[in-house]
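Structure, as structure tokens:
The values are calculated or read from the model by the stated rules, or taken from the named source; none is laboratory data. Since the model is a prediction, treat every value here as computed from it, not as a measurement. Here the Cβ positions follow ideal geometry from the backbone for every residue, glycine too, while neighbour counts run over all protein chains shown. Just the protein is used for accessible areas: all its heavy atoms, side chains included, with ligands, DNA and RNA removed. Shrake-Rupley method; radii C 1.70, N 1.55, O 1.52, S 1.80 Å.
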Amino acid sequence: VKRTTGQHPAGMVIVPAEYTIYQFSPIQHPADDKESDIITTHFDFGSLHEILVKLDVLGHDDPTMINMLERLTGIKATELPLNDPKVLGLFSSPEPLDLAPNQIRGITKGTLGIPEFGTKFVRQMLEDTKPASMAELIRISGLSHGTDVWLNNAQDMILQGICKLNDCFCTRDDIMNYLISMGVAPKMAFTTMEAVRKGRGLTPEMEAAMREKNVPEHYIDSCKKIKYMFPKGHAAAYVMMALRVAWFKVYRPREFYAVYFTSRGDDFDANTAILGPAAVKQKILSLTAKGNDISQKESDQLETLQVTYEMLLRGIELL
């Protein structure tokens, strides 16, 4: 599929057997190539939502990483503890890796290369929320995958001291459970959660039910801003995966870096990496200096270079 068309090559639209796709949508050949035997369709997701089923048949790097790590180490990922203090410590500092905060410029956490927690955006969330438990990591995963749940919403409330991470609406389940705990009728709590997670805001009846049970105003405002929310089970699955990969990063670092550069190898700069830490650091500084002018490709490259530099600082070299 052409990259610029807004079409998603992994989006599979499922049509019931008694219909044809032509009853719902015009179809076309990708990249306007009439000779192509692939047919594709344009759908606005909002229009599709209540009518047909769409599956995102996405490739997933994390299970690939876990599979490779298991083969290299002989350790079953499902048998690893999810409450190891050193592993949980990575989410607040790089010290479990025997590194100091900011030893890699701008990196104050040990989560580089950890699925869902290695990006600059989520590292900043860790900075703002200071999680210390798996439950809090699940909340952060919910916040980072929602739309208008963290930015201009929970982040502001936490930084202003209005509420703590544990009191925010982070996953859709939080809304229903909180409203029931405040005495809102279960059916009303459920329909409120469903409306908010789909970005429909609150009806006057929902607002009235919340005010009747003295739900604080900032929770009501929060619900009005949210456009999309993760289910808690989804966030929990992501965090379990992250903690398992993080265990290997702490206790089996050589295998961790080997697998990271194999599965995320597109932006791996081997020519710079083999020159050693000083050369990698110099390249990191030159990319960081670009600030907001950095391209997406350079940004991906920067992330991989940071992981490379971290590996070299931990005494693991490349032949």
tail above 25 Å in the computed P(r) of region 134-257, as % of all Cα-Cα pairs, reads 28
Looks like region 173-244, by Cα gyration tensor root eigenvalues a ≥ b ≥ c and the a/c under 1.5 rounded cutoff (else prolate when a/b is bigger than b/c, oblate otherwise), is prolate
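For region 89-149, which trypsin sites (Lys or Arg not before Pro) are both in a DSSP coil and crowded by at most 11 other Cβ atoms within 10 Å? Please list the in-between numbers first.
Values: sites: R105, K109, K120, R123, R139; in loops: R105, K109.
Sparse-neighbourhood loop trypsin sites (Lys or Arg not before Pro): R105.
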Restricting things to alpha carbons, find the Rg to Rh ratio for region 253-319 using the Kirkwood radius for Rh.
0.96
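Between I21 and I180, what FRET efficiency follows from the Cβ-Cβ distance if R0 is 51 Å, with the result rounded to 0.05?
Values: r = 42 Å, r/R0 = 0.82.
Between I21 and I180 the formula returns 0.75.
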Separation between Cα centres of region 36-77 and region 110-156, rounded to whole Å
22
accessible surface per residue for the chain, probe 1.4 Å, DNA/RNA/ligands not counted, whole Å² -> 54
Taking the Cα-to-Cβ direction at S263 and at E127 and moving 7 Å from each Cα, how far apart do the two end points lie in nm?
2.7
Based on the Kirkwood radius over alpha-carbon pairs, what is the Stokes-Einstein translational diffusion coefficient of region 171-319 at 20 °C with 1.002 mPa s viscosity, in µm²/s?
112
Sorted largest first, extent of region 1-132 alpha carbons per principal axis (Å)
60, 34, 31
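Report the FRET efficiency, 1/(1 + (r/R0)^6), for T78 and D56, where r is their Cβ-Cβ distance and R0 is 25 Å, rounded to 0.05.
Approximately 0.50, to the nearest 0.05.
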In the Gaussian network model of the chain, springs joining C-alpha atoms below 10 Å, which of I51, I175, I114 carries the largest mean-square fluctuation?
I51
Treating only the Cα positions of region 96-159 as identical point scatterers, give the base-10 log of I(q)/I(0) from the Debye formula at each q in 0.15, 0.20 Å⁻¹.
-0.48, -0.82
Quick one: if the Förster radius is 45 Å, what FRET efficiency do Y228 and L319 give, using the C-beta to C-beta distance and rounding to 0.05?
0.45
Low-density loop GluC sites (Glu not before Pro), region 29-89, at most 14 other Cβ within 10 Å, DSSP non-H/G/I/E/B, are E35, E50
With all protein chains present, the chain has a carbon and sulfur share of its accessible area (1.4 Å probe) in percent of 53
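Please express the shape of the chain as an equivalent ellipsoid: the semi-axes are the square roots of 5 times the eigenvalues of the C-alpha gyration tensor, given largest first in whole angstrom.
Values: eigenvalues 270, 178, 70 Å².
Equivalent ellipsoid semi-axes, largest first: 37, 30, 19 Å.
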Full extension between M12 and H49 adds, at 0.36 nm per residue less the Cα distance, a length in nm of 12.0 nm
Whose amide H sits under 5 Å from the amide H of I107, counting only residues 5 or more places off or on another chain, with H placed in the peptide plane?
N102
Anisotropy class of region 166-215 from Cα gyration tensor, a/c 1.5 cut:
oblate
